Each structure stands twice: as C-alpha cells, then as structure tokens.
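Visitor: Shown below is the structure under consideration.
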Amino acid sequence: MTKTRNSGAFPHKSFGLVLQALVVLARKGDTCSSCEMAELLSSEATLLRKTMAKLTRAQILVTKEGREGGYGLNRDPEELTLAEIYQALETAESCSKAVNEPMCGNALGEQMQEAYSGILAEMDRSMMAVLKKHTLADVVRKIDC
C-alpha cells in the first residue's frame with residue numbers, strides 16, 4: 001500500500017503565511033527582506049522565499065536586489081483581492097485535490113468521487129467568491145498591532 005501525500009494541507013498553510021507577510025509589507029510600505037519577514041512571522045526564510053516567488057511571478061510582488069533589497073508590493077492593497085493572492089499560490093483546486101487524492105482506486109473510491117465531486121466544486125466556488133470580496137487592505141485594517 002502506498003502512502004498518498006495530502007497536497008491540500010501545505011497550500012492552505014502557505015496562504016496564511018503569505019497573507020501575514022503581505023500585511024507586514026503593506027504596513028511597512030517599503031521593501032522587506034525574507035529574513036526580516038521570517039523573523040517577524042516566526043517562520044523559515046527559505047519557505048517564505050518559495051511562496052513569495054509565486055507572488056512575484058504573478059506580479060503581486062516586486063523584488064529588489066542588494067543590501068537594501070527584499071520584497072515589496074507591486075499592487076495597491078486596496079485593489080489586491082485575497083482571491084488573487086490565493087490563486088497566485090496555485091491553490092485554487094487544493095480543496096478538491098486534498099479530498100480526492102487519497103481516495104482508493106477501487107469501485108467504492110470512484111463512486112465516492114462521483115458522489116461528492118459537485119459538492120467539492122461548489123465549496124471551491126464559494127470560497128473563491130468570499131475571497132474576491134476582501135482585499136489585502138481590509139485585512140490590514142483589522143490588524144491592531
């Protein structure tokens with residue numbers, strides 16, 4: 001029997017981490033190095049760089065090299081939706097994948113996938129609809145510290 005990794009868990013955790021990092025950047029209003037952010041977030045700089053690279057590719061972030069370098073927002077927090085951030089992390093299908101991947105490859109597993117695939121698709125659509133309603137600036141305003 002082979003073990004199947006639950007691919008949905010990590011992307012959801014990385015979304016929370018990245019959201020925290022983006023709040024730091026929005027509040028700072030300037031570039032911030034991955035080491036500085038990792039320390040603020042009690043995380044690892046390597047993990048942060050991997051997830052931030054996806055946001056850079058999606059043009060949500062810009063990078064600046066050199067001693068004063070780091071990551072900076074390339075978008076106005078008032079216009080950057082949480083859905084765009086989530087999609088940039090390539091997690092849009094993670095809920096469905098997380099549930100479907102570990103299903104056994106027999107008749108019961110296939111029937112189970114058919115039975116609730118529509119429910120999972122509805123969950124994904126609902127989640128994206130909620131994330132589209134909120135911006136990074138909305139989250140920043142809710143942070144008190």
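Visitor: Quick test of your reading of the structure: Glu68 fulfils all but one of (1) at pLDDT below 90; (2) acidic (Asp, Glu); (3) surrounded by 14 or more Cβ atoms within 10 Å (Cβ to Cβ). Name the failing condition by number.
Guide: If we test Glu68 against (1) at pLDDT below 90; (2) acidic (Asp, Glu); (3) surrounded by 14 or more Cβ atoms within 10 Å (Cβ to Cβ), just (3) comes out false.
Visitor: Mind checking which residues of the range 119-145 are assigned to a helix (DSSP H, G or I) and touching a strand residue (DSSP E or B) at 6+ places or on another chain (Cβ under 6 Å)?
Guide: Lys132
Visitor: Being under 11 Å from Ala21 (Cβ atoms), in contact with a strand residue (DSSP E or B) (Cβ under 9 Å, 6 or more places away or on another chain) and assigned to a helix (DSSP H, G or I) is the filter here; which residues of the range 31-47 pass it?
Guide: Listed by number, the residues that qualify are Ser34, Glu36, Met37, Leu40.
Visitor: Of all residues in the range 37-50, which are crowded, with 16+ Cβ neighbours inside 10 Å and either under 21 Å from Asp138 (Cβ atoms) or over 17 Å from the mean Cα position of the chain (by Cα) (or both)?
Guide: Hits for the range 37-50 are Met37, Leu41.
Visitor: Taking the range 116-143 as the region of interest, how many residues are of a type in the set (S, T, N, Q), at pLDDT 85 or above and touching a helix residue (DSSP H, G or I) at 6+ places or on another chain (Cβ under 8 Å)?
Guide: Residues that pass the stated criteria total 1.
Visitor: Can you tell me which residues in the range 56-74 are part of a loop (DSSP other than H, G, I, E, B) and either touching a residue at least 24 places away in the same chain (Cβ under 8 Å) or polar (S, T, N, Q) (or both)?
Guide: Residues satisfying the conditions are Ala58, Gln59, Ile60, Glu68, Gly69, Asn74.
Visitor: Of all the residues that make up the range 91-115, how many are at pLDDT 80 or above and either under 28 Å from Val18 (Cβ atoms) or surrounded by 16 or more Cβ atoms within 10 Å (Cβ to Cβ) (or both)?
Guide: Count: 0.
Visitor: I need every pair where a residue in the range 21-49 that is within 16 Å of Val62 (Cα to Cα) has its Cβ under 8 Å from the Cβ of a residue that is among the basic types (Lys, Arg) and assigned to a helix (DSSP H, G or I), sequence separation at least 6 or different chains.
Guide: Ser34/Arg49
The values are calculated or read from the model by the stated rules, or taken from the named source; none is laboratory data. Fair warning: this is a prediction, and the values are worked out from it, not measured in the lab. We place every Cβ from the backbone using ideal geometry, glycine too, and count neighbours over all the protein chains shown.
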